[in-house]
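All remarks here apply to the structure that follows.
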Amino acid sequence: MTIENFIQRSNRMLVITGAGCSTASGIGDYRDEQGEWKRAQPVQHQAFMQTHAWRQRYWARSQVGYPEFKQATPNVAHQVLARWESQGRLCGLITQNVDGLHQRAGHQQVIDLHGRLDQVVCMACGDTVSRDAVQQWLDSHNTPAFTDTIGMAPDGDADLARTDFSTVKVPQCAQCGGILKPDVVFFGDSVPRDRVAQGFAQLDQADSVLVIGSSLMVYSSFRFVRRAAELGLPIAALNRGKTRADEMLTLKVDADCGETLKKLSTLEPVQ
């Protein structure tokens, strides 16, 4: 089976996207083609919650990296998927990405499995505030470490040369003084149950599953592919390098996400 055949035979496709879907938009990915970390693992949930020093480190790096992250725009992969949704060819889309680029491309039904970086939530009272507002606070209370920037990181932060963050002022909830945290699932935390349930509900409507730009190394998305395999659904992966689900796949395409989807965008489904 070719990827063209797979797309044409799919009338209710569930799409699962990962970091590789957004690399053409200038947002980095996490793993190499062997599924190994390209860089140090991102901050862990428990470290962020329990240690003020980790929060200082996170917000210093985020203050530098977020403005560039925010400037990213949808690429052809996001646009093709939004078009397929408008044509009624998808039963849903689950993304591991926190960049909101699917929605900015016009996609309507998106499950942000790991949350959205453009929102910040108080871990004590649940109040939410925009990440833009937090950026204004950071810029008014801290001098950004632009001169220390080594490179941009995929979590909307930046790799910095500095190692001493002890003078960094950390934002707190304006309502209760609680810990503010980006409204995303950090490593070591769990995806909210309602999002998982929504994902399985979409899968129940699917006649196929297409994975785009994800190695599926994290269980949060792998669980849906494993269930699809148990249901006997055809599963295709468009991804550079290995995936955790290689043995479950009906089809594997090792190619660029955007270029491949652009070529497939005009295919009509076979009734």
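Tabulated data for the structure shown
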read-out	value
Residue list for region 198-211, restricted to those being assigned to a loop (DSSP other than H, G, I, E, B) and surrounded by fewer than 17 Cβ atoms within 10 Å (Cβ to Cβ)	Gln205, Asp207
Test for Gln56: is it surrounded by fewer than 21 Cβ atoms within 10 Å (Cβ to Cβ) and modelled with pLDDT of 95 or more	yes
Odd one out for Ile94, checked against (1) hydrophobic (A, V, I, L, M, F, W, C); (2) within 23 Å of Phe224 (Cβ to Cβ); (3) out of contact with any His (no Cβ under 8 Å at 6 or more places or on another chain); (4) free of Cβ contacts under 8 Å to residues at least 40 places away in the same chain	(4)
Any strands (runs of 3 or more DSSP E) falling wholly within region 90-197 and containing at least 1 residues that are in contact with a helix residue (DSSP H, G or I) (Cβ under 8 Å, 6 or more places away or on another chain)	90-95, 110-112, 115-122, 149-152, 158-160, 180-184
Flag for Ser214 being among the polar types (S, T, N, Q), in contact with a helix residue (DSSP H, G or I) (Cβ under 8 Å, 6 or more places away or on another chain) and closer than 30 Å to Ala60 by Cβ	yes
Residue in region 152-164 that is surrounded by fewer than 22 Cβ atoms within 10 Å (Cβ to Cβ) and at positive phi present	no
Selection count, region 8-27, where residues are at pLDDT below 95 and β-branched (Val, Ile, Thr)	2
Test: residue in region 182-196 that is closer than 18 Å to Thr2 by Cβ, touching a Pro at 6+ places or on another chain (Cβ under 9 Å) and in contact (Cβ under 8 Å) with a residue 40 or more places away in the chain	no
Residue that is nearest to Met1 (Cα to Cα), among those in region 214-247 that are aliphatic (A, V, I, L, M) and part of a loop (DSSP other than H, G, I, E, B)	Leu233
Test: Ser208 is closer than 22 Å to His78 by Cα, of a type in the set (S, T, N, Q), in contact with a helix residue (DSSP H, G or I) (Cβ under 8 Å, 6 or more places away or on another chain) and modelled with pLDDT under 95	no
Answer from Ser265, Ser190, Ser215 - the residue that is buried (at least 17 other Cβ atoms within 10 Å of the Cβ), among the polar types (S, T, N, Q) and out of contact with any Cys (no Cβ under 9 Å at 6 or more places or on another chain)	Ser215
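Yes/no matrix, rows are residues, columns are (1) at pLDDT below 95; (2) over 18 Å from Pro171 (Cα atoms); (3) touching an Asp or Glu at 6+ places or on another chain (Cβ under 6 Å):
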| position | (1), (2), (3) |
| --- | --- |
| Glu33 | yes, yes, no |
| Arg61 | yes, no, yes |
| Pro74 | no, yes, no |
| Gln79 | no, yes, no |
| Gly92 | no, yes, no |
| Leu101 | no, yes, no |
| Val110 | no, yes, no |
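Conditions (1) at pLDDT 95 or above; (2) farther than 20 Å from His52 by Cβ, marked per residue:
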{"residue": "Leu113", "(1), (2)": "yes, yes"}
{"residue": "Met123", "(1), (2)": "yes, no"}
{"residue": "Asp132", "(1), (2)": "yes, yes"}
{"residue": "Asp139", "(1), (2)": "yes, yes"}
{"residue": "Ile150", "(1), (2)": "no, yes"}
{"residue": "Lys169", "(1), (2)": "yes, no"}
{"residue": "Gly177", "(1), (2)": "yes, no"}
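The values are calculated or read from the model by the stated rules, or taken from the named source; none is laboratory data. Here the structure is a predicted model, which means the values were calculated and not measured. Here the Cβ is made from the backbone with ideal geometry for all residues, glycine too, and neighbour counts use every protein chain on show.
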